[in-house]
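Enquirer: Below is the structure I would like to discuss, written out as structure tokens.
Just so you know, all these numbers are worked out from the coordinates, no wet-lab data involved. None of these values were measured; they are calculated from a predicted model. No Cβ is skipped: glycine too gets one built from the backbone with ideal geometry, and neighbour counts run over all protein chains shown.
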Amino acid sequence: MTDLVPILVVVVPALALVGMLLVLLARTPRQAHLLALATAVPTAAGALALAATALARGGLPALRGQWYFLDGASGLMLAVIAIVGICSIAVSPAYLRTSGRSWSTAARSQSLYYAALFLFWAALLAVPIVGNLAAAWLIIEATTAASALLVAFSGRRDALEAGWKYLVLTTLGLSVALLGIIVLAISQANLGHHGLHALDWHSLRAAAHGLPRDSTLIAFVLLLAGLATKIGWAPVHNWLPDAHSEAPAPISALLSAALLPSVLLVAWRVKSILEPSVGSATTRGVFIAFGLTSILVAVPFLWRSLPWKRLLAYSSLEHMGVIGLGIGFGTPLAIAGVVLHVAGHALAKALGFYAALPLLRIDPDAAKRAPEGVVGDSPSTAAAMGVSLLTLSGLPPSPLFLSELLILLGGIAAGDALVSAIALIALALGFLGLLHALIEGVVGEHARHHRRARSRAERPIIALTAVLGSGLLALTAAGLLLPGSGFVDTLAKGAL
Amino acid sequence: MNGALVDAMLVLGLAVIVVRRRSVAIGLLAAQSLALGVGALSLTGGRSSDSLVASFVLLSKAIVLPLLLYALIRRTREPGLVVAAASGLVRLACAGAVVLCAVVLVPSIGLGDAHTEHAAVALVLLGITIVVARRPILFQLLGLIVAENGLSLLAVSVPGGLSYVIELGALFDLALIVTVAAAFAHRIHTELGTGDTELLRGLRD
């Protein structure tokens, strides 16, 4: 299988690009959806094969070529992006049936939707495998263009505002990150390393000890500050709640479950390569500061009565904070927690956003206010929302309970007991906030009369709840094996 | 790079934050991008062919993006000038303060040419200031491109030059972003009848 890696790293993103071109040729919405599914299946299969190859290597060194780099973290992200990507494509017709004409004619809009979705997916699939920092930046910038269009797909005033805010803020943030990359390129050039390959992950890693501390520190801070905008870390998270709540639900799932952690992986790699030059106290401190701030900013919003997708958006802010905290702690226990958290959060958050599709069909007003007593109108939608909320809140046997426990224990092992204690209190408050949302919004009494869901229309969400819910339980079981594994120990030594 | 060209880029960036007419601002941006391209071309002597390609990429940017932006303003006629949040003088004073901060506070980043280093960082900050200080959607887009020009100035000044692959990729990304932003601007104009971003403030918690 390892022999196929150089081919698969090209074929997987290329297949998604082929999908983009094919859907543009579709004449009817049905054709567009069939073509999308027909291309999505081999794309996801290829990505999962790559992920399996990377994960099966355990603690062995990463596979790398001139343009690619495949390690355990790449494998994890590829699996997440593949699963959430194909699920988002599969549920898209449920969104498109009710979306209307948006930016173009109804039929044309659907082709454009799928084309932008495939472009976004192709870029996402390339981020974890690209072997060069500058190339990773270029691909992340490309995700902005494709996803901004999708955020504003409905064409409504609020969606346009959210899309524009997302486009401008993340582009500015990425400009700051590019400034950091150029500062790094200058340092490399002064050491005699010129050209594009001077910014390869392994070249930077090899040169890190010789890089001048002051300018490398500037590069690190600029890179992290810029990438933080795209990750959605507080205090540069302003676009995140708006974009997640206004985007079509399948796109919100991709944004939250795949985009944010993909960019976080790039930030993690930057930390790993620059740590020898900048010093671990600084790199850890920056991650812990962003992580803890994000958790503390998110928690009060989890207590508020918010529309469903907006609540999930603030939950994303909280969980990106938890992952940032784990990377900052950097101990094997914390990294085991990070691995589990990325996977568990992705499945639970995707399910939550997919549940918004039947929810908004039953109660269109739920786009603007908190849901009420969903269980009375649609038990299966309520079940999906419940599984998602309980998992995200960290209630056992949720994999996020185990991952948060591992991260906090990892923090104590790293000597950051105070930070761990503050995070524990904040996470407990966040747990109660989500539980409150569950009781009030999902299982409570409903004051208004809503449309009752038809049993046939509920089948997709029942299937998704069963599949993703089983996946979450399997993750909890797998998570128990993570601490002490060669895979985690290698990642803890540096995500490269 | 020639000091006069670097100064010209900075002055043109400052002018973008002051002027009110969109067409004038696009002209200023085109002149700034042209100065960048010419400056990059002057650095190619003794460097690899990559630098030459990068210079032509930058020169093409000076032509393509302004044309795209002109096409946009022809499709989105404003009923009148958008009311400014602050007067031109206040905006200029803010921008001047930002440039001064860049000169005084930014430490050396190893380029060996403090003037270019300061100017590049000042242009990035100036771009961000334009986005924050200007309400019309087109000016916010111009702010992004001014910041990008600052980055390109630094990139072409890297000893030995940055790879043309990065320059080409960055231009492709910028063109993609500008095209998407232009589509947004057109759609927002259709929806609101103006490109005033002050009207896009409905999402709050």
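Enquirer: Can you report the principal axis dimensions of the protein assembly as shown using only the alpha carbons, biggest first, rounded to whole angstrom?
Expert: The principal-axis extents, from largest down, are 71, 60, 47 Å.
Enquirer: How far is helix B:22-42 tilted, in degrees, relative to the longest principal axis of the Cα atoms in chain B, given as a value from 0 to 90 rounded to the nearest 10?
Expert: Between helix and principal axis, roughly 10 degrees.
Enquirer: Tell me, in nm to one decimal, what length is gained between B:L176 and B:H115 on full extension, where the rule is 0.36 nm per residue of separation less the Cα-Cα distance?
Expert: 18.9 nm
Enquirer: Right, here's the next one. I'd like to know which of B:G37, B:V124, B:G27 lies farthest towards the positive end of the charge dipole of segment B:3-199, counting +1 on Cβ of Lys and Arg and -1 on Cβ of Asp and Glu.
Expert: Farthest towards the positive end: B:G27.
Enquirer: Starting from the Cα of A:A206, step 7 Å along the direction of its Cβ; do the same at B:V11; then give the gap between the two resulting points in nm.
Expert: Distance between the two pseudo-spin positions: 4.7 nm.
Enquirer: Next question, about the same structure. Starting with the fewest neighbours, write out A:F120, B:F172 ranked by other beta-carbon atoms found within 10 Å of each beta-carbon.
Expert: Listing A:F120, B:F172 from fewest to most nearby Cβ atoms yields B:F172, A:F120.
Enquirer: Okay, next question. For a paramagnetic label modelled at 7 Å from the Cα of A:A45 toward its Cβ, which residues of segment A:60-87 fall within the zone defined by backbone nitrogen distances under 18 Å?
Expert: A:79, A:82-87
Enquirer: Another question, then. Taking R0 as 51 Å, what's the FRET efficiency between A:L191 and A:K368 from their Cβ-Cβ distance, rounded to 0.05?
Expert: 0.35
Enquirer: Output the Kirkwood hydrodynamic radius of segment A:279-496, Cα pairs only, in Å rounded to one decimal.
Expert: Value: 17.7 Å, from the Cα pair sum.
Enquirer: How big is segment A:204-349 by Rg and Dmax over its Cα atoms, in Å?
Expert: 15.6, 52
Enquirer: Just check segment B:3-199 against the gyration tensor rule for me: Cα atoms, a ≥ b ≥ c as the square roots of the eigenvalues, rounded for a/c under 1.5, and otherwise prolate or oblate depending on whether a/b exceeds b/c.
Expert: oblate
Enquirer: If I require 18 Å or longer along the helix axis, counting alpha carbons, and a Kyte-Doolittle average no lower than 1.6, what helices from chain A are left? Use full DSSP H segments.
Expert: Helices meeting the span and hydropathy rule in chain A are A:5-25, A:133-151, A:399-413, A:417-437.
Enquirer: What does the charge dipole of segment A:251-392 about its Cα centre add up to, to the nearest 20 debye, if the Cβ of each Lys and Arg holds +1 and the Cβ of each Asp and Glu holds -1?
Expert: That gives segment A:251-392 a dipole magnitude of about 240 debye.
Enquirer: Residues with beta-carbon under 14 Å from that of B:V24, excluding B:V24: net charge, scoring Lys, Arg +1 and Asp, Glu -1?
Expert: +3
Enquirer: For a quick check: sort A:D3, B:D113 by the number of other beta carbons within 10 angstrom, fewest at the front.
Expert: With the fewest neighbours first, A:D3, B:D113 line up as A:D3, B:D113.
Enquirer: Can I ask one more? What are the radius of gyration and Dmax of segment A:158-273, computed over its Cα atoms and given in Å?
Expert: 16.2, 50
Enquirer: Please give the FRET efficiency for B:V106 paired with A:Q31, using the beta carbon to beta carbon distance and R0 = 60 Å, rounded to the nearest 0.05.
Expert: My answer for the efficiency is 0.65.
Enquirer: Turning to a different aspect of this structure: With labels modelled as points extended 7 Å from the Cα through the Cβ direction, what inter-label distance (nm, one decimal) is found for B:I63 paired with B:V132?
Expert: Computed distance between label sites B:I63 and B:V132 equals 3.7 nm.
Enquirer: Still on this structure, please answer the following. List the lysines whose alpha-carbon lies under 24 Å from that of A:K493, not counting same-chain residues fewer than 8 positions away?
Expert: List returned: A:K271.
Enquirer: To continue, here is another question. Which FRET efficiency value, to the nearest 0.05, is calculated for A:L418 and A:W303 with the Förster distance at 22 angstrom and r the Cβ-Cβ distance?
Expert: After rounding to 0.05, the efficiency reads 0.40.
Enquirer: Segment B:54-105 to segment A:120-184: how many Å between their Cα centroids?
Expert: Using only Cα atoms, the two centres lie 21 Å from each other.
Enquirer: Around A:Y68, which amide H atoms from residues at least 5 apart in sequence, or from another chain, sit under 5 Å from its own amide H, with H modelled in the peptide plane?
Expert: When sequence neighbours closer than 5 places are left aside, the close amide H contacts are A:G131.
Enquirer: Could you give me the ³J(HN,Hα) list for segment A:233-238, computed from phi with Karplus coefficients 6.51, -1.76, 1.60 and θ = phi - 60°, whole Hz, x at Gly and Pro?
Expert: With coefficients 6.51, -1.76 and 1.60, one gets 6, 6, x, 10, 10, 3 Hz.
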